[in-house]
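Peer 1: First, the structure itself, so that you have it in front of you.
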Amino acid sequence: MIAARGGGARTLRVPGRHGYAAEFSPYLPGRLACAAAQHYGIAGCGTLLILDQNESGLRLFRSFDWNDGLFDVTWSENNEHVLITCSGDGSLQLWDTAKPAGPLQVYKEHTQEVYSVDWSQTRGEQFVVSGSWDQTVKLWDPVVGKSLCTFRGHENVIYSTIWSPHIPGCFASASGDQTLRIWDAKAAGVRIVIPAHQAEVLSCDWCKYNENLLVTGAVDCSLRGWDLRNVRQPVFELLGHTYAIRRVKFSPFHASVLASCSYDFTVRFWNFSNPDPLLETVEHHTEFTCGLDLSLQSPTQVADCSWDETIKIYDPACLSIPA
């Protein structure tokens, strides 16, 4: 592990590990989790990396290895030490950063790669959703060793699953079948099917300030905003990426600001309420940029990770001034 500080970004180089997902801790300022894989996730093992920031840059606090590539990570909403990852062998793994041993629990039900996992942010719920290439979404209570429910309906691989931060028991999924779907965990069924793009949809996220607004990112290089009260057409479209958009995240601090990362190696920041919505393009990776998160603790701090074996934390200029 090689730490560096340069160009305004704190960087940790992780030789032989290609980053897939990054997520800031909701509890500890500056703590970051990264899910990574050997050999671009095609073969080999995976590693969960726990990073901390200090004045000199990033340091590795702890790492955990798994026998297949890790593709996503989510922090517990009720325990600062606990996380869940998901992997290419169809399993989810529950980890405790205070315990250097292997996973506390493994949940193995999906029959193909699990590409997405998310822990509910709604108070009173302790549910996790996972989305898989087996075309299903599964609902889990981490205390229970098996899934509570399986959601079917997608007609291609599922790339993204994300809980609503507003509505208990409601989550969204994005798929290679070109749709965004809204689900009700209590009714165990789909509420809304949105034909979001004429291409595979790789990512989706909920606006933190509007319970009806979501954004999708797709292989067609576009980001589209969707108002659940009227889904016949997008409420905004953001163009500029030149290859598939791998992940999109709304800002926790600015109601109309979001960030996206792409296979074009860039991270872009947008304000969809502006006539000229592109705020900034960050070009500090040399490979596919797959992981992206915006800090819940700092209004300006962003983390990303890439197949170029680096994890970066930085403060883009556009977030340091009023958007």
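The values are calculated or read from the model by the stated rules, or taken from the named source; none is laboratory data. Source: prediction; values computed, not measured. Virtual Cβ from ideal backbone geometry, glycine too; neighbours counted across all protein chains shown. Surface areas here come from the heavy atoms of the whole protein model, side chains and all, with no ligands, DNA or RNA. Shrake-Rupley method; radii C 1.70, N 1.55, O 1.52, S 1.80 Å.
Peer 1: Just reorder Val106, Val129 by solvent-accessible area, largest first, 1.4 Å probe, all chains present.
Peer 2: Val106, Val129
Peer 1: Further question on the same structure: How large is the accessible surface of Glu287 in square angstrom, using a 1.4 angstrom probe and rounding to the nearest 10?
Peer 2: Probe radius 1.4 Å; accessible area of Glu287 about 50 Å².
Peer 1: Looking at the square roots a ≥ b ≥ c of the eigenvalues of the Cα gyration tensor of the range 126-224, which shape do they give, rounded for a/c under 1.5, prolate if a/b is larger than b/c, or oblate?
Peer 2: Oblate shape, in that a/c is at least 1.5 and b/c is the bigger or equal ratio.
Peer 1: How big is the accessible area of Glu77 in square angstrom, nearest 10, if you roll a 1.4 angstrom probe over the protein chains?
Peer 2: Near enough 70 Å² of accessible area.
Peer 1: Okay, moving on. Enumerate the amide H contacts of Gln135 below 5 Å, restricted to partners 5 or more residues apart or on another chain; note that Pro and chain-start residues carry no placed amide H.
Peer 2: Excluding prolines and chain starts, which carry no amide H, the hits are Ile158.
Peer 1: Right, something else. Which ³J(HN,Hα) values in Hz, rounded to whole numbers, follow from the phi angles of the range 295-312 under the Karplus curve 6.51 cos²θ - 1.76 cosθ + 1.60, where θ = phi - 60° and Gly and Pro get x?
Peer 2: Using θ = phi - 60°, the values come out as 5, 7, 9, 10, x, 10, 8, 10, 10, 8, 8, 9, 6, 7, 6, 10, 10, 10 Hz.
Peer 1: For percent of Cα pairs over 38 Å apart, one of (i) 33; (ii) 6; (iii) 10 was computed from the structure I shared and the rest are decoys. Which label?
Peer 2: (ii)
Peer 1: A follow-up question, please. How high is the FRET efficiency between Thr286 and Leu28 when r is their beta carbon distance and R₀ equals 45 Å, given to the nearest 0.05?
Peer 2: 0.90
Peer 1: On a 1.4 Å probe surface of the protein chains, which of Arg59, Arg247 comes out largest in accessible area, and what is the full order?
Peer 2: Arg59, Arg247
Peer 1: Now for a separate question. Given H placed 1.01 Å from N in the peptide plane, which residues other than close sequence neighbours of Glu309 have an amide H under 5 Å from its amide H?
Peer 2: Gly19
Peer 1: Here's another thing I want to ask about it. Which links in Lys108/Lys249; Lys99/Lys146; Lys208/Lys312; Lys108/Lys138; Lys99/Lys138 stretch past 21 Å when you go from one Cα to the other?
Peer 2: Those over the limit are Lys108/Lys249; Lys99/Lys146; Lys208/Lys312; Lys99/Lys138.
Peer 1: Quick check on the range 1-133: take the gyration tensor over C-alpha atoms, sort the square-rooted eigenvalues as a ≥ b ≥ c, and tell me if it's rounded (a/c under 1.5), prolate or oblate.
Peer 2: Oblate is the answer for the range 1-133, as a/c is 1.5 or above yet b/c matches or exceeds a/b.
Peer 1: Next question. Using a 1.4 Å probe on the protein heavy atoms only, what accessible surface does Trp307 show? Give it in Å² to the nearest 10.
Peer 2: 40 Å²
Peer 1: Okay, next question. What nm distance separates the two modelled labels at Asp141 and Ile167, each placed 7 Å from Cα along Cα→Cβ?
Peer 2: Placing both labels 7 Å beyond Cα along the Cβ direction yields 2.3 nm.
Peer 1: Going by accessible area, probe 1.4 Å, with all protein chains left in place, what is the ranking of Val193, Val114, largest first?
Peer 2: Val193, Val114
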